[in-house]
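Here the structure comes first, spelled out in structure tokens, and everything after it is commentary.
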Amino acid sequence: MRSILINRKRILILTLEILLLLFSLLLIFGPMTSLVLWSIADKWFWPNPVPQSIGLDYWKQALGIQKSLAIGAVSIVPAFFLSLMIAVITVVIAMAIAIPAGYALAKYKIPFGTFILFLFLMPNAFPQQPIFVNLLDTFTKIGLAGTVPGVIIVHILVGLVFGVWITSATFKSIPVQLEEAARSVGANSLKTFFRISLPLAAPGLLASSVFVFITSLDEFTGTFFIGLPFVITLPMTLYSSSGYNMQFASVIAIILLIPSILFMTLIQRVLKAEYVGGMG
Amino acid sequence: MGKIVMSDNVQKRRGFIFPPYILLLFPAVSFMLLVYAYPFVSSVLKSFINKEGALSLDNYFKAWDLYLKDILFTFSITVFNTIASGIVAILLAVYFRLHESPISRFLLNLYRLPIFIPFVVVAQMMNSFLAPHGLLNVALAQLRLIDLNNPLQLFNFIGLSFGFIWKLAPFTILIIYGGFQMIDNSYIEAGRSAGAKWFKLITRILIPMNKPSIMVALVLIYSQIVGTFTLPYMLIGGKIPTTITVDIAHRVNYFRDFGVANALGVFSYILVFVTAIYYLKTKVKEVK
């Protein structure tokens, strides 16, 4: 009797699990399917449940393989390379100033420490849009609005905060004893840093660089205020085609989605959960 | 200072030398002061300066008159989605923690996916999925649940919430589940052997023991929702009501009206004030 009851309970739980699985699959992949369908829909008129004809015309057009005036899409290759260039420069500069700062926060007791911590925590706690708006005001006066350097500065701002926290957490995880051992055999602080701390921190620093890279690639709000209408990054092409050109917008969205998922899957295990959610 | 013994000695010998951390922190801190702190302070100051350049509350009166509805809309969107994401996340995280099976392991990974998708892509996804003749409406019509001549209108509170929960509940799951993993099995076993059913297990053991990470998760998504511009801008745009972030963009792009935009910005600071203080306090404590 008892075993029948346990069996019943098991079946009930399994049924609930399968229902949850199906529901979750629909929930997560439903919106994604919509994106994929639109990206290959040559013709999709309401109320057909699926596109009337499918093809890769919008993909070819967006990737610059084909140039036809009949298809409402332009090559996004220039925007892609602009985004890539901005992201690479952003990573180099942001990490060059984030690594020393992260190291200092991890290894030294700093006077006014709370104030400095506040400075790096506030962007997570308060909305950032008013910052961009006021930067636009300032940048307009000094000629940085609508320029690539202006956009890079904003991307550094967005990435730097995460860069500093991730590197600081990484340096903190390196045992002090290792550094002390190096010093006790006569290495000076620079040598200790480059021979001991830096190599040990390398995986964390790499993860943090990749993170800053992706944040820059996907950055929207700052670029919207500082860059438009002259600096057209990939997310800006998505924005300007969104709403009236479903096919083209869907193609760009998928192109943006691929590196994000790929890189984040690679580095997520190294990162603290809190930072992973900070993007976008 | 005890960690860096050598430099202490050097300091004693030569008197005062420049502490190395000043040099290390200088670039990052000066960048943050210039590009973050300065615009932050000026966003508050400029909200009190009217078009004639005089000190006044004009911007606030105007923002209040024009956008009170939107401020309330933003607040209700934020509260609703924080609570909804929190409940969904706690339930799923409990399930992942207490029930080990191939399906639960698969779902744990599946729910990571939206975290990695940037808001601008989520916005486009929802834009096509939730449209009056989008995939959702078409699918529901195929199941004869709705009539396509009268489709669900989702570019409003409901659609925006769907987008926010889709993107942010998974992030909340990740943090809360991380906290649940820290709770030793022995507590759960003890609860079970004392006869606690799953509901008691959740409310008496799992949630109280995991309060810090639940709070941090909720505080983080709360401030993120208040500050998100992309999703409401691409989904609702200038319809009424819309969010504060969309209004700020309109004030700046159409009217170059930085005064009212900044007053709206201060309203968004006020909305996150309590959560921001909580976040700053716990983080500073955690770091020290």
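General remarks:
- Stokes-Einstein translational diffusion, the stretch B:110-161 - Kirkwood Rh over all Cα pairs, 0.692 mPa s, 37 °C, in µm²/s: 275
- Shielding value for A:110-116 is 3, the average number of Cβ atoms from other chains within 10 Å of each residue's Cβ.
- Other residues whose C-beta falls under 11 angstrom from the C-beta of A:Ala125 contribute a net charge of +2, scoring Lys and Arg +1 and Asp and Glu -1.
- Peptides A:230-240, B:195-205 ordered by average Cβ neighbours within 10 Å, highest first: A:230-240, B:195-205
- Cα convex hull of the stretch A:77-277, projected area averaged across orientations, nm²: 13.0
- Here the extension length gained between B:Tyr278 and B:Ile146 equals 43.1 nm, from 0.36 nm per residue of separation less the Cα-Cα distance.
- Peptide-level mean, for B:227-238, of C-beta atoms on other protein chains within 10 Å: 4
- Expressed in units of 2.2 N^0.38 Å, where N is the residue count, the Cα radius of gyration of chain B is 1.29.
- Distance-filtered residues of the stretch B:97-132 - backbone nitrogen under 11 Å, label point 7 angstrom along A:Leu21 Cα→Cβ: B:101-107
- Residue-averaged 222 nm ellipticity for chain B, from DSSP H runs of 4+ at -39500 (n - 2.57), nearest 500: -23000 deg cm²/dmol
- Average partner coverage of B:164-171, which counts Cβ from other chains inside 10 Å: 2
- Computed [θ] at 222 nm, deg cm²/dmol, chain A (DSSP H ≥ 4; -39,500 (n - 2.57); rounded to nearest 500): -23500 deg cm²/dmol
- Across all C-alpha atoms in the stretch A:66-107, the radius of gyration and Dmax reach 18.8, 61 Å.
- Largest to smallest principal axis extent of the C-alpha atoms in the protein assembly as shown, angstrom: 85, 79, 53
- Note on the stretch A:2-62: Kirkwood hydrodynamic radius from all Cα pairs is 14.7 Å, rounded to one decimal.
- Note that the stretch B:170-178 has calculated 3J(HN,Hα) couplings of x, 5, 5, 4, 4, 5, 5, 4, x Hz, one per residue in order, obtained from phi through the Karplus relation 6.51 cos²θ - 1.76 cosθ + 1.60 (θ = phi - 60°); glycine and proline are x.
- Set of lysines near A:Lys67 by C-alpha distance (under 24 Å), chain-local residues within fewer than 8 positions excluded: A:Lys43
Bear in mind that the values in this text are calculations on the coordinates, not laboratory data. Computed from a predicted structure; not experimentally measured. Every residue, glycine as well, gets a Cβ built from its backbone with ideal geometry; the counts of neighbours run over all protein chains shown.
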